[in-house]
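A.B. asks: Have a look at the structure that comes next, please.
The values are calculated or read from the model by the stated rules, or taken from the named source; none is laboratory data. None of the values given here were measured: they were computed from a predicted structure. Methodologically, a virtual Cβ is constructed for each residue, glycine included, from the backbone with ideal geometry; neighbour enumeration extends over all protein chains shown. Ligands, DNA and RNA are stripped out before the accessible areas are found, and what is left, the full protein with its side chains, is counted by its heavy atoms. Shrake-Rupley method; radii C 1.70, N 1.55, O 1.52, S 1.80 Å.
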Amino acid sequence: MPETAYLIDGTAYIFRSFFGMRPMSAPDGTPINAVFGLGMTLQKFLQQHQPGLLACCFDAGARTFRNEMYPQYKANRGEPPAELIPQFELCIELSRRLGIATVCEKGYEADDLMATLTERLLAAGHEVAIVSGDKDLAQLVGPRVRMYDLARDSWWNEEQVKKKLGVPPAQVADLLALKGDAADNIPGVRGVGPKAACALLEHFQDLEDIFANLDQVAELPVRGAAGLRKKLAEGKESALLSRRLVELERQAPCPRDMQDLRFQGAPGPELDEFAEQWGLGRVARRALRR
C-alpha cells in the first residue's frame, strides 16, 4: 500500500498555541507559550500517528509574492503581538530539534510549501495527509489527499469538502475568488456571497466558464440573477485577481528528495540542549528519539 506522508501547517499551530496557552517564559524571560504549545501539539501528533514521512511547514514572514500582486493582501491583520514575535524562530528551531523535516522559504506561505510537497509526494507514489484546519488547503484534497484537523480530530475527504464548503476541492479557489475572504483581505466580487458563489459553481465549471457565458447567469434559478450578472461583469478584474491570490503555488522551493522527509525521531543531545536553554523540559521528555 502507498505510504502516507503528513504535512503539518506549522504556522497555524503557532498562532493556535499562542492564543490558547497561558503566558510562559524561558529562563531568560523570553515568552515561550507558543513554542511550548506547538511542541506539545507536535508530540501528541507524533505519538498518535507514528508517521514515516513528515514535514512541518512555516511562513517565512508577513510578506510574500502575493503582496507584490496586491499590497492589501492580509493588511487587515496588523502586526502580531509583541510577545509572539520572538517565538516564531524558536518554533521553527524546535521543529528541527524534534527531528522533523522543517520547510520555510522566504516569500512563500506554509500553504504554498505544502502544495508543492503534495505534488512531489503524489508523483513519487505516496498518499498525503494535510494536517490543518485551513479551508484554503481544501483545494489540495483529492483521491490520494486528505486533510486532518488535529484540533477537532476530524478528516476531510472530497465528500466532506463539498459538504462543508458547498463546492468540490477543484472549485475551492473559484469559490473564494467569487465571495472573497475577509480573513486574508481577499476582495472577491462585491455583492456576491457564499450562496450565490456556490450556485454559480453548481452551473459553471470555473471562473473562466462563468465569464465566457455571462449571458446565461441572468437565466439561473437564483434570486437576483439579473443583478448578479451585472455584479460579475463589473467585478471580473477583482475576481481574477482574487483567484491568483488564493491559488496555491505548487512550484515553491522545497526538498526534492522525498526521503528527506523520513522521520526517525529526535536527535537527543540537540533537543536536550535546546530544551534546557528555553525551559522546554516537558516537551523534550515526551519526544520520540532516535
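A.B. asks: Taking helices (runs of 4 or more DSSP H) that fall entirely within the stretch 221-284, which contain at least 1 residues that are in contact with a Lys or Arg (Cβ under 8 Å, 6 or more places away or on another chain) and buried (at least 20 other Cβ atoms within 10 Å of the Cβ)?
C.D. replies: Values: elements: 225-234, 236-246, 268-278.
In the stretch 221-284, the matching helices (runs of 4 or more DSSP H) lie at 236-246, 268-278.
A.B. asks: Can I ask one more? Tell me, which residue of the stretch 28-55 that is out of contact with any strand residue (DSSP E or B) (no Cβ under 8 Å at 6 or more places or on another chain) and not in a helix (DSSP H, G or I) is least open to solvent (accessible area, probe 1.4 Å)?
C.D. replies: 30
A.B. asks: While we're on this one: Of these, 93, 83, which one is open to solvent by 10 Å² or more (accessible area, probe 1.4 Å), within 14 Å of residue 15 (Cβ to Cβ) and either at pLDDT below 95 or not aromatic (Phe, Trp, Tyr) (or both)?
C.D. replies: Values: 93 fails: within 14 Å of residue 15 (Cβ to Cβ).
Sole residue among the options that is open to solvent by 10 Å² or more (accessible area, probe 1.4 Å), within 14 Å of residue 15 (Cβ to Cβ) and either at pLDDT below 95 or not aromatic (Phe, Trp, Tyr) (or both): 83.
A.B. asks: Oh, and also: Of all residues in the stretch 161-172, count the ones that are out of contact with any strand residue (DSSP E or B) (no Cβ under 8 Å at 6 or more places or on another chain) and open to solvent by 10 Å² or more (accessible area, probe 1.4 Å).
C.D. replies: Number satisfying all stated conditions: 7.
A.B. asks: Exactly one of these conditions fails for residue 15: (1) of a type in the set (A, V, I, L, M, F, W, C); (2) within 19 Å of residue 284 (Cβ to Cβ); (3) in contact with a Pro (Cβ under 9 Å, 6 or more places away or on another chain). Give me its number.
C.D. replies: For residue 15, the failing item is (2).
A.B. asks: Among the residues of the stretch 16-25, is any of a type in the set (A, V, I, L, M, F, W, C), in contact (Cβ under 8 Å) with a residue 24 or more places away in the chain and under 30 Å from residue 240 (Cα atoms)?
C.D. replies: First, pick out the residues of the stretch 16-25 that are of a type in the set (A, V, I, L, M, F, W, C): 18-19, 21, 24.
Narrowing further to those that are in contact (Cβ under 8 Å) with a residue 24 or more places away in the chain: 18, 24.
Of the ones still in play, those that are also under 30 Å from residue 240 (Cα atoms) are none.
Checked against the condition, which is being of a type in the set (A, V, I, L, M, F, W, C), in contact (Cβ under 8 Å) with a residue 24 or more places away in the chain and under 30 Å from residue 240 (Cα atoms), the stretch 16-25 yields no hits at all.
A.B. asks: While we're here: On the given criteria, is residue 124 in contact (Cβ under 8 Å) with a residue 12 or more places away in the chain, buried (at least 24 other Cβ atoms within 10 Å of the Cβ) and hydrophobic (A, V, I, L, M, F, W, C)? Can you show your working first?
C.D. replies: Numbers: in contact (Cβ under 8 Å) with a residue 12 or more places away in the chain: yes; buried (at least 24 other Cβ atoms within 10 Å of the Cβ): no; hydrophobic (A, V, I, L, M, F, W, C): yes.
Against the criterion (in contact (Cβ under 8 Å) with a residue 12 or more places away in the chain, buried (at least 24 other Cβ atoms within 10 Å of the Cβ) and hydrophobic (A, V, I, L, M, F, W, C)), residue 124 does not qualify.
A.B. asks: Quick one: how many residues across the stretch 231-264 are touching a helix residue (DSSP H, G or I) at 6+ places or on another chain (Cβ under 9 Å) and more than 30 Å from residue 43 (Cα to Cα)?
C.D. replies: Of the stretch 231-264, the ones touching a helix residue (DSSP H, G or I) at 6+ places or on another chain (Cβ under 9 Å) are 231-233, 235-236, 238-256, 258, 261, 263.
Restricting the remaining residues to those that are more than 30 Å from residue 43 (Cα to Cα) gives 231-233, 235-236, 238-247.
Matching residues across the stretch 231-264 total 15.
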